[in-house]
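Chemist: This is the structure, below, for whatever I ask next.
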Amino acid sequence: MHRIGFTLKVRPDRLDEYRARHAAVWPDMLDALKRAGWHNYSLFLREDGTLFGYVETPDGLDAARAAMAAEPVNARWQAEMAPFFAGDGGPADTMMAELEEVFHLD
């Protein structure tokens with residue numbers, strides 16, 4: 001299993017709505033994530049908009065993103081969420097800055 005940490009930047013003026021959207025993720029999106037092999041997926045948000053994500057996948061982040069790209073619900077979710085992120089307005093799943101794991105306690 002690959003452990004992956006990543007960061008994104010949420011627009012500070014959209015933090016409350018971003019939280020609300022993630023309190024009610026669409027059931028078909030949750031099902032798609034599970035089918036695509038996203039395990040122990042968590043998001044953590046700071047007040048300055050820094051978002052840290054953690055996910056475990058069997059084949060790494062590129063494979064996990066490719067599996068989600070094959071899910072029709074993903075394009076709808078990404079389009080809905082794109083305005084929440086700082087950057088070029090593209091899909092957040094393409095803007096994830098993957099972090100290097102430097103320590104893991106087994």
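The values are calculated or read from the model by the stated rules, or taken from the named source; none is laboratory data. Keep in mind the model is a prediction, meaning the values are calculated, not measured. Neighbour counts run over all protein chains shown; Cβ positions are idealised from the backbone, glycine included.
Chemist: If you check residue 54 against the conditions, is it closer than 18 Å to residue 24 by Cβ and of a type in the set (Ser, Thr, Tyr)?
Modeler: Working: closer than 18 Å to residue 24 by Cβ: no; of a type in the set (Ser, Thr, Tyr): yes.
So residue 54 does not fit the description; no.
Chemist: Now a separate question. Consider the range 1-60. How many of its residues are of a type in the set (A, V, I, L, M), surrounded by fewer than 15 Cβ atoms within 10 Å (Cβ to Cβ) and in contact with a Ser or Thr (Cβ under 9 Å, 6 or more places away or on another chain)? Break it down stepwise before answering.
Modeler: The initial filter retains those residues of the range 1-60 that are of a type in the set (A, V, I, L, M), namely 1, 4, 8, 10, 15, 20, 23-25, 29-30, 32-33, 36, 43, 45, 51, 55.
Restricting the remaining residues to those that are surrounded by fewer than 15 Cβ atoms within 10 Å (Cβ to Cβ) gives 1, 20, 23-25, 30.
Filter again for in contact with a Ser or Thr (Cβ under 9 Å, 6 or more places away or on another chain), leaving 1.
The number of residues fulfilling the criteria is 1.
Chemist: I'd like the residue in the range 63-92 that is among the acidic types (Asp, Glu) and surrounded by 12 or more Cβ atoms within 10 Å (Cβ to Cβ) and, out of all such residues, is farthest from residue 17 (Cα to Cα).
Modeler: Step one: filter the range 63-92 for residues among the acidic types (Asp, Glu), giving 71, 80, 88.
When the remaining residues are screened for being surrounded by 12 or more Cβ atoms within 10 Å (Cβ to Cβ), the result is 71, 80.
On the way: 71: 24, 80: 12 Å.
For the range 63-92, the residue satisfying everything is 71.
Quick grid of which residues meet (1) over 26 Å from residue 13 (Cα atoms); (2) hydroxyl-bearing (Ser, Thr, Tyr); (3) in contact with a helix residue (DSSP H, G or I) (Cβ under 8 Å, 6 or more places away or on another chain); (4) free of Cβ contacts under 8 Å to residues at least 24 places away in the same chain:
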site: 34; (1), (2), (3), (4): yes, no, no, yes
site: 45; (1), (2), (3), (4): no, no, yes, no
site: 49; (1), (2), (3), (4): no, no, yes, no
site: 54; (1), (2), (3), (4): no, yes, no, no
site: 60; (1), (2), (3), (4): yes, no, no, no
site: 86; (1), (2), (3), (4): no, no, no, no
site: 90; (1), (2), (3), (4): no, no, yes, yes
site: 93; (1), (2), (3), (4): no, no, yes, no
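Chemist: Considering every residue within the range 58-74, establish whether at least one is farther than 16 Å from residue 7 by Cβ and polar (S, T, N, Q). Walk me through how you get there before you give the answer.
Modeler: Step one: of the range 58-74, the residues farther than 16 Å from residue 7 by Cβ are 58-60, 62-64, 66-74.
From what's left, polar (S, T, N, Q): 74.
Among the residues of the range 58-74, at least one is farther than 16 Å from residue 7 by Cβ and polar (S, T, N, Q), which makes the answer yes.
Chemist: Oh, and also: One residue is enough: does the range 57-77 have a residue meeting the conditions β-branched (Val, Ile, Thr) and outside any helix (DSSP H, G or I)?
Modeler: Of the residues in the range 57-77, the ones β-branched (Val, Ile, Thr) are 57, 73.
Of the ones still in play, those that are also outside any helix (DSSP H, G or I) are 57.
Within the range 57-77, one or more residues are β-branched (Val, Ile, Thr) and outside any helix (DSSP H, G or I).
Chemist: So which of 14, 19 is modelled with pLDDT of 95 or more, under 14 Å from the mean Cα position of the chain (by Cα) and in a helix (DSSP H, G or I)?
Modeler: Within the list 14, 19, the selection yields 19.
Chemist: Give me a count of the residues in the range 43-56 that are part of a loop (DSSP other than H, G, I, E, B) and touching a strand residue (DSSP E or B) at 6+ places or on another chain (Cβ under 9 Å). Show your work before the answer.
Modeler: Let us first name the residues in the range 43-56 that are part of a loop (DSSP other than H, G, I, E, B), namely 46-49.
After this cut, where a residue has to be touching a strand residue (DSSP E or B) at 6+ places or on another chain (Cβ under 9 Å) as well, the list is 46, 48-49.
So the answer is 3.
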